[in-house]
Amino acid sequence: MDSQDNNQVALPMRSHTIFGVCEGIGEDFGFNPIFLRIPFAASMLVSPVWGIGAYLALGLFVLASRLLFPKIKASTEAVEPVTAANEQREFAEAA
């Protein structure tokens, strides 16, 4: 899971998203972004101007939330990796 976190590209730069609005909101609130994509697609059929306007407004909201409250990455320097050699040495010292 850590390898995915380190290799993630910023939402607007991904090739399969448009600004990453639905994905960003889904990530922040912990639900599947498809639950937002379907209503946005339906709103584009009913009123494209309102759909695009709402999408851009939410895009600004996601951008502001990402800039004001960036995700804090866990520090890996404080954690010492456990290797088989370290475990064997600890067992030998304990015995």
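Since every read-out is calculated from the coordinates, none of them should be taken as a lab result. Since the model is a prediction, treat every value here as computed from it, not as a measurement. Every residue, glycine as well, gets a Cβ built from its backbone with ideal geometry; the counts of neighbours run over all protein chains shown.
Just want the ordering: 56, 45, 63, from fewest to most Cβ atoms lying within 10 Å of their own Cβ. Don't skip to the answer; put the middle values down first.
On the way: 56 12, 45 8, 63 16.
So the ranking, lowest neighbour count to highest, is 45, 56, 63.
Using 0.36 nm per residue and subtracting the Cα-Cα separation, the extra length available between residue 45 and residue 60 on full extension is 3.1 nm. Maximal additional length on extending the residue 94-residue 37 stretch stands at 14.8 nm, based on 0.36 nm per residue less the C-alpha distance.
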